[in-house]
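K.L.:
Just passing along the structure, written as structure tokens.
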Amino acid sequence: MREVLENDLQAVLKDTIEMLSIVEKMLPISGEALVNNNGGRLSEVQALDRHVDEHEHRIEAECLRIIALHQPVARDLRLLGLILKSLTDIERMGDYAVHVAEDSAELSHDAPLGRYGNLRRMLERLQEMTASLRHALEERSVEAAEITLKMDDEVDDLYEQTQRELVTYMLEDPRTISKGLTVMRIGRSLERIGDHIENVAERMHYWITGQRES
């Protein structure tokens, strides 16, 4: 029975990492829609998001099956708790990536409002964070999870800078208000992706060590 449980746990963790990897693929596509003013990438992001949703439903059902069948304890149960709590975060990351692509498609009808330098950097950092989180899960690494957490500070700083710059744009030229609000939504979506990555990374310490951080 122990071997069966171990195989089931490995399979459900692998599926969760695959779900995260799909979101990882979505981010650069959403980014291209923004920085290259290319609204045509929206359908690709939406298709990938449907795969994320399918993974969420399948993984949740599998976790519940494992709990009912094996009644796991200790680290095994902590892993399933991590996965069940993190599914919503990963699913929301996918939703926000779609929001970025949708708002970018809306912006693509007009000339861009600047070069979006801070948003570009946010996108780059989020891709690095997602890859770091995936590595932390694959290697069961507290250290990699902590590195991921530290990266979110820059995302938050860039978001605040973006908001200030956009407010200045809109005050100086009221004609940019509609476009500026759309860019603000994109910044907010990116900031929320970082928060959801942070949520998953924070749970990893308890899964691996069995100790809650103070």
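Every number here is computed from the coordinates shown, using simple stated rules; none is lab data. Note that the coordinates shown come from a computational prediction; the quantities given were computed from them, not determined experimentally. Using ideal geometry, Cβ is built from the backbone for each residue, glycine included, and neighbour counts are taken over all protein chains shown.
K.L.:
Given the C-alpha atoms of the range 131-204, compute the convex hull and give its volume per residue in Å³.
P.N.:
Normalising the Cα hull of the range 131-204 by residue number yields 63 Å³.
K.L.:
Continuing with this model, one more query. Please compute the net charge surrounding Glu6, taking Lys and Arg as +1 and Asp and Glu as -1 over other residues with Cβ under 13 Å from its Cβ.
P.N.:
With Lys, Arg at +1 and Asp, Glu at -1, the neighbours total 0.
K.L.:
Another question, if that's okay. Just to check I understand the Karplus step: with θ = phi - 60° and J = 6.51 cos²θ - 1.76 cosθ + 1.60, what whole-Hz values come out for the range 50-62, glycine and proline as x?
P.N.:
Result, ordered by residue: 5, 5, 4, 5, 4, 4, 4, 5, 5, 5, 4, 4, 5 Hz.
K.L.:
With n ≥ 4 as the cut-off for DSSP H runs, can you work out [θ] at 222 nm for the chain, using -39500 (n - 2.57) per run divided by the number of residues, rounded to the nearest 500?
P.N.:
So the calculated ellipticity at 222 nm is -31000 deg cm²/dmol.
K.L.:
On a straight-distance basis, which lysines could pair with Lys150 in a cross-link, Cα separation under 28 angstrom, same-chain partners fewer than 8 positions away excluded?
P.N.:
Lys14, Lys25, Lys85
K.L.:
Now for a separate question. Percentage of Cα-Cα pair distances in the range 60-152 greater than 21 Å, rounded to whole percent?
P.N.:
When every Cα pair of the range 60-152 is considered, 51 percent fall beyond 21 Å.
K.L.:
Next question. With only alpha-carbon atoms in the gyration tensor, what are the semi-axes of the equivalent ellipsoid for the chain, in Å, largest first?
P.N.:
37, 18, 12
K.L.:
Out of the trypsin sites (Lys or Arg not before Pro) in the range 107-199, which ones are loop residues according to DSSP with at most 15 other C-beta atoms within 10 Å?
P.N.:
The qualifying sites are Arg115, Arg140.
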